[in-house]
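A.B. asks: I have a structure here, written as structure tokens, and I will follow up with some questions on it.
The values are calculated or read from the model by the stated rules, or taken from the named source; none is laboratory data. Because the structure is a prediction, the values reported are computed rather than measured. Cβ sites come from the backbone with ideal geometry, for glycine too, and all protein chains shown count toward neighbours. All accessible areas refer to the heavy atoms of the entire protein, side chains included, with ligands and DNA or RNA removed. Shrake-Rupley method; radii C 1.70, N 1.55, O 1.52, S 1.80 Å.
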Amino acid sequence: MTAQIIDGKAFAAKVRAKVAEHVARLKEVHHITPGLAVVLVGEDPASEVYVRNKGKQTVEVGMKSFEHKLDADTSQADLLALIDRLNADPAVHGILVQLPLPGHLNEDLVINAIDPAKDVDGFHISNVGLLGTGQKAMVPCTPLGCLMMLRDHLGALSGLNAVVVGRSNIVGKPMANLLLRDSCTVTIAHSRTKDIDTLCRTADILVAAVGRPEMVTGDWIKPGATVIDVGINRIDAPEKGPGKTRLVGDVAFDSAAQVAGAITPVPGGVGPMTIACLLANTVTACCRAHGLAEPEGLTA
Ligand code: GUN
């Protein structure tokens, strides 16, 4: 069997188009422009690229982008003061503080200082609790993107066996909660899980989010399963020349694609969906702030 490829790049373009449509309507009918503030502390090159992409795509869908670049030695008090100002600013509907933060800053404290209604990352403890108890929450972008692709590919997920490999707060745990909310039978596997390959072979839906290059191989996969690869790992690629690298997922694509029914590639799978869902969350936050109907198909 050769798996169907789930094209995250094309899907993300559709999500962005829906967001743009909704933004245009908000502007035209309600004279409201959704705004997203992104805060970057320090000069991590990967974070800078990521933040630039976020800003560019925010503007492309018609929203306002506010970028705040702070020095690496910014104090906790100054960062919290900026978050207070953004919380109070009516032009800002979403706030994202790029992680990781420099070591002297307390990430939990900073994230929990964001107004939960503007927490478009879904990392605030209130949103974590709301999602965990099945209430209306802001949902973390990467798992939201995975859920959208799963629903699009499979339709109703009810009753399916889902295994999530990885227990991070950003992906693994919220992904498991979202799948549970869609009535899957969910297991979270991690580095201490016994017979992890046997467990994964029970999965109709397998989500790999561990950050270990090509850990999940074809023999871990149930024939016909839907495989979502969240990993983005840069590895050496001597075959491309000295010093060259390439991106791979947490799933060994070639062997997995022989067995799975459908699979997301890396790159071009989950990756593009993350920023698309950030834009979707910003529109959702804006609509909620103004008591307006939420965009359909852009929330969990
Ligand atoms: N760093 C890498 N991915 C993310 C993300 O989704 N949100 C934030 N805030 N920081 C990140």
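A.B. asks: Exactly one condition in (1) open to solvent by less than 20 Å² (accessible area, probe 1.4 Å); (2) over 19 Å from Cys141 (Cα atoms); (3) of a type in the set (Gly, Ala, Ser); (4) in contact (Cβ under 8 Å) with a residue 60 or more places away in the chain is false for Gly261; which is it?
C.D. replies: Among (1) open to solvent by less than 20 Å² (accessible area, probe 1.4 Å); (2) over 19 Å from Cys141 (Cα atoms); (3) of a type in the set (Gly, Ala, Ser); (4) in contact (Cβ under 8 Å) with a residue 60 or more places away in the chain, the lone unmet condition for Gly261 is (1).
A.B. asks: Okay, next question. Output the residue which, of all residues in the stretch 102-138 that are open to solvent by less than 20 Å² (accessible area, probe 1.4 Å) and over 18 Å from Ala285 (Cβ atoms), is farthest from the ligand (Cβ to nearest atom).
C.D. replies: Residue satisfying both the conditions and the ranking: Leu105.
Residues are listed down the side, and each one gets a yes or a no for (1) part of a loop (DSSP other than H, G, I, E, B); (2) touching a strand residue (DSSP E or B) at 6+ places or on another chain (Cβ under 6 Å):
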{"site": "Met175", "(1), (2)": "no, yes"}
{"site": "Leu180", "(1), (2)": "no, yes"}
{"site": "Leu199", "(1), (2)": "no, yes"}
{"site": "Arg212", "(1), (2)": "yes, no"}
{"site": "Pro223", "(1), (2)": "yes, no"}
{"site": "Val227", "(1), (2)": "no, yes"}
{"site": "Ala260", "(1), (2)": "yes, yes"}
{"site": "Ala276", "(1), (2)": "no, no"}
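A.B. asks: Could you list, in sequence order, all residues of the stretch 28-52 that are assigned to a helix (DSSP H, G or I) and surrounded by 13 or more Cβ atoms within 10 Å (Cβ to Cβ)?
C.D. replies: Result: Ser47, Glu48, Tyr50, Val51, Arg52.
A.B. asks: Tally time: how many residues in the stretch 87-101 are in contact with a strand residue (DSSP E or B) (Cβ under 6 Å, 6 or more places away or on another chain), of a type in the set (A, V, I, L, M) and within 14 Å of the ligand (Cβ to nearest atom)?
C.D. replies: Residues flagged as in contact with a strand residue (DSSP E or B) (Cβ under 6 Å, 6 or more places away or on another chain), of a type in the set (A, V, I, L, M) and within 14 Å of the ligand (Cβ to nearest atom) within the stretch 87-101 amount to 4.
A.B. asks: Being buried (at least 22 other Cβ atoms within 10 Å of the Cβ) and more than 16 Å from the ligand (Cβ to nearest atom), is that true of even one residue in the stretch 55-64?
C.D. replies: Looking for residues that are buried (at least 22 other Cβ atoms within 10 Å of the Cβ) and more than 16 Å from the ligand (Cβ to nearest atom), one finds at least one in the stretch 55-64, hence yes.
A.B. asks: Out of (1) open to solvent by 70 Å² or more (accessible area, probe 1.4 Å); (2) more than 30 Å from Ser255 (Cα to Cα); (3) part of a loop (DSSP other than H, G, I, E, B); (4) of a type outside the set (Phe, Trp, Tyr), what's the single condition that is false for Ala91?
C.D. replies: (1)
A.B. asks: Next up: Check Thr187, Thr193 and return the single one that is of a type in the set (S, T, N, Q), part of a strand (DSSP E or B), open to solvent by 10 Å² or more (accessible area, probe 1.4 Å) and more than 25 Å from Lys14 (Cα to Cα).
C.D. replies: Criteria check complete, one pass: Thr187.
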